[in-house]
1. So how many residues does the stretch 117-136 have that are under 11 Å from residue 80 (Cα atoms) and part of a loop (DSSP other than H, G, I, E, B)?
2. Return yes or no: is residue 85 touching an Asp or Glu at 6+ places or on another chain (Cβ under 9 Å) and either under 26 Å from residue 136 (Cβ atoms) or in contact (Cβ under 8 Å) with a residue 24 or more places away in the chain (or both)?
3. Kindly check whether there is at least one residue in the stretch 125-143 that is at pLDDT below 95, loosely packed, with under 14 Cβ neighbours inside 10 Å, under 30 Å from residue 51 (Cβ atoms) and charged (D, E, K, R).
4. Can you tell me which residue within the stretch 6-54, out of those that are in a loop (DSSP other than H, G, I, E, B) and of a type in the set (Gly, Ala, Ser), is modelled with the lowest pLDDT?
5. Is there a residue in the stretch 114-124 that is touching a Lys or Arg at 6+ places or on another chain (Cβ under 7 Å) and either modelled with pLDDT under 85 or loosely packed, with under 12 Cβ neighbours inside 10 Å (or both)?
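The values are calculated or read from the model by the stated rules, or taken from the named source; none is laboratory data. Here the structure is a predicted model, which means the values were calculated and not measured. Positions of Cβ are generated from backbone atoms using ideal geometry, with glycine treated the same way; all protein chains shown enter the neighbour counts.
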Amino acid sequence: MLNLDGQPLSIVNIKRAIVLGMNNSNTTVLRYYDRTISSVNGKIQIPAVMIYSKYVKINRKKTPSKRAIRARDKNKCLYCGIDLYSEIFTIDHVVPVSRFKKKSSANTWENQVSCCRKCNCKKGNRTPEEANMKMISKPKKMEILFLVDSIPEEWKDYL
């Protein structure tokens with residue numbers, strides 16, 4: 001779903017896209033997927049890109065979510081490189097939270113990394129240098145809106 005100014009607004013599932021594409025006067029379908037689905041009324045095209053007819057002011061979060069950090073780090077511990085699953089996944093603050101005047105100042109893209117429990121415990125309340133641990137890659141800010149594994153071809157002209 002695109003905002004009135006053409007900026008991406010949200011991703012909706014197929015069922016919601018069909019309902020919005022058929023029954024909502026506030027949305028206009030700009031592009032359909034090549035496939036269709038069958039219903040009792042015949043074949044239905046699946047909307048791939050729609051635009052909302054009213055402008056929605058977006059309040060972007062300044063701090064990244066755990067999900068966003070995990071996606072950026074490709075679901076790997078940035079210290080030992082193992083694949084993370086929910087039981088061992090943690091967020092590590094590169095510079096410990098205790099060294100900031102305000103906790104919110106520590107929650108930045110550059111100061112948070114995906115980490116396994118074992119490495120997070122080993123590092124403790126120290127910087128990687130103090131703990132004698134090396135990061136596989138340097139954390140960086142991501143300028144993305146949505147976390148998807150792959151971008152459908154139909155979306156590429158609109159992103």
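1. 4
2. So residue 85 does not fit the description; no.
3. Taking every residue of the stretch 125-143 in turn, at least one turns out to be at pLDDT below 95, loosely packed, with under 14 Cβ neighbours inside 10 Å, under 30 Å from residue 51 (Cβ atoms) and charged (D, E, K, R).
4. First, the residues of the stretch 6-54 that are in a loop (DSSP other than H, G, I, E, B): 6-7, 9-13, 24-26, 40-41, 53-54.
Next cut, of a type in the set (Gly, Ala, Ser) only: 6, 10, 25, 53.
Working: 6: 90, 10: 84, 25: 91, 53: 93.
Across the stretch 6-54, the extreme among qualifying residues is 10.
5. Checking the stretch 114-124: not a single residue is touching a Lys or Arg at 6+ places or on another chain (Cβ under 7 Å) and either modelled with pLDDT under 85 or loosely packed, with under 12 Cβ neighbours inside 10 Å (or both).
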